[in-house]
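Notes follow once the structure below has been shown.
The values are calculated or read from the model by the stated rules, or taken from the named source; none is laboratory data. Predicted, not measured: the structure shown is a model, and the values here were computed from it. Neighbour counts are summed over all protein chains in view; Cβ atoms, including those assigned to glycine, are modelled from backbone coordinates with ideal geometry. All accessible areas refer to the heavy atoms of the entire protein, side chains included, with ligands and DNA or RNA removed. Shrake-Rupley method; radii C 1.70, N 1.55, O 1.52, S 1.80 Å.
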Amino acid sequence: MSAPVAAAFCDQCGRSAEAGGHVRCAVRRELEPPRYCAECARRMVVQVTPMGWTARCSRHGEIFSPEGVC
């Protein structure tokens, strides 16, 4: 298994993670699922259910909400 890749893009706005101005994104991240892939900045297909959320990138696969979020 490969090592995790550092986020190159913001998962809330899709802009470069190195660019400043992500204070609002950090606040949104506490309540919202990711909307953009952190590896390639593609818009993800997000499904929210009462039990959590899933977000799927067409290139990098699916991620799930952490346990205890709901």
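Annotations for the structure displayed:
- In region 40-53, the residue that is most open to solvent (accessible area, probe 1.4 Å) out of those that are closer than 26 Å to GLU18 by Cβ and not hydrophobic (A, V, I, L, M, F, W, C) is ARG43.
- Positions within region 6-30 being surrounded by fewer than 10 Cβ atoms within 10 Å (Cβ to Cβ), among the hydrophobic types (A, V, I, L, M, F, W, C) and either under 17 Å from GLU62 (Cα atoms) or modelled with pLDDT under 90 (or both), in sequence order: ALA6
- Residues satisfying the stated conditions in region 54-68, i.e. over 18 Å from ALA7 (Cβ atoms) and open to solvent by less than 80 Å² (accessible area, probe 1.4 Å): THR54, GLY68
- Residues in region 29-66 that are among the basic types (Lys, Arg) and more than 11 Å from the chain's Cα centre (by Cα): ARG59 only.
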